[in-house]
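Below is one structure, written out as structure tokens, with a few remarks after it.
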Amino acid sequence: MKKLLFIILLFFTAFVVGQEVEKENLIQLDSTWGKEMFPFPIRFAKNINYEGVAEVRFPPKGWRTIGHDFFWTYTYAWSIDIDREITATELTSNLEKYFDGLNNVTETNNVDQKATATISKTKRKKRTTFFKGSVDTYDHFATNKRIVLNVLIESHYYKKEKKTVLLFKFSPKDYIHKVWETLKNIQLNEHYSKF
């Protein structure tokens, strides 16, 4: 009986946590953008040692279409329970872990697909730090070749709430390409501006 009660309780807890993850809206975009939510630790990148939730948003068209303006162009946000500011070094390491996890890179598997990132701080405005850089990774979704993604990152630190929300914007296009006009206008949900 105790074992059955434990299994029911475990299932209910997983269901409730899953529902909370699905309800979270970190990024202010309409429903035409594809959406995926997942909790930390990320199942494919468990070595990113955070607790929280992530939201990935894909443009309505073109993300996996070679030659399309929005090919590999997307945004995602991490809302993590971190009571400190995130550094460029930490972002570099975590992006490498994330993309290595996405490509199932280990010491003995897919070593040629290992990601390398370069991230640097560009400016700070109140509680937000801005970063810019690139990630050289492997595209196993469309081309099965290496790809370099340019990235802009906003790190919003909420000291009172002991939370950091990271907003990433990715594209292989140069920063002068028109897709960056769309990406630069993407913001976090208004809820986060009230912290």
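The slack in the chain from Lys121 to Thr108, taken as 0.36 nm per residue of separation less the alpha-carbon distance, amounts to 1.4 nm. A simple spin-label model places pseudo-atoms 7 Å from Cα toward Cβ; at Lys159 and Asp83 they are separated by 1.3 nm. Placing unit charges on the Cβ atoms only, positive for Lys and Arg and negative for Asp and Glu, gives the chain a dipole magnitude near 480 debye about its Cα centre.
Give me the Kirkwood hydrodynamic radius of the chain, using the inverse of the mean 1/r over all pairs of distinct Cα atoms, in Å to one decimal.
The Cα-based Kirkwood calculation yields 17.9 Å.
Calculated mean residue ellipticity at 222 nm for the chain: -7000 deg cm²/dmol, from DSSP H runs with n ≥ 4 weighted as -39500 (n - 2.57), summed, divided by the residue count and rounded to 500. Within region 170-191, name every residue whose backbone N is under 17 Å away from a label modeled 7 Å from Cα of Ala142 along the Cβ vector. Zone members listed by number: 170-175, 177-183.
Sort out for me the Cα centre separation of region 138-190 from region 48-108, rounded to whole Å. Region 138-190 and region 48-108 have Cα centres spaced 8 Å from each other. Among Thr118, Thr108, Thr164, which one moves the most in a GNM of the chain with springs linking Cα atoms closer than 10 Å? Among Thr118, Thr108, Thr164, the largest GNM mean-square fluctuation belongs to Thr108.
Remark: region 46-97 carries a charge dipole of roughly 360 debye about the Cα centre, counting +1 on each Lys and Arg Cβ and -1 on each Asp and Glu Cβ. Each of Asn25 and Thr128 was given a label point 7 Å from its Cα along the Cα-to-Cβ line. The distance between the two points is 1.9 nm. Taking 0.36 nm per residue of sequence separation and removing the Cα-Cα distance, the Glu190/Arg43 pair yields an extension gain of 50.1 nm.
Every number in this text was worked out from the coordinates using simple rules, so none of it is lab data. Owing to the predicted nature of the structure, the values given are computational and were not obtained by experimental measurement. Using ideal geometry, Cβ is built from the backbone for each residue, glycine included, and neighbour counts are taken over all protein chains shown.
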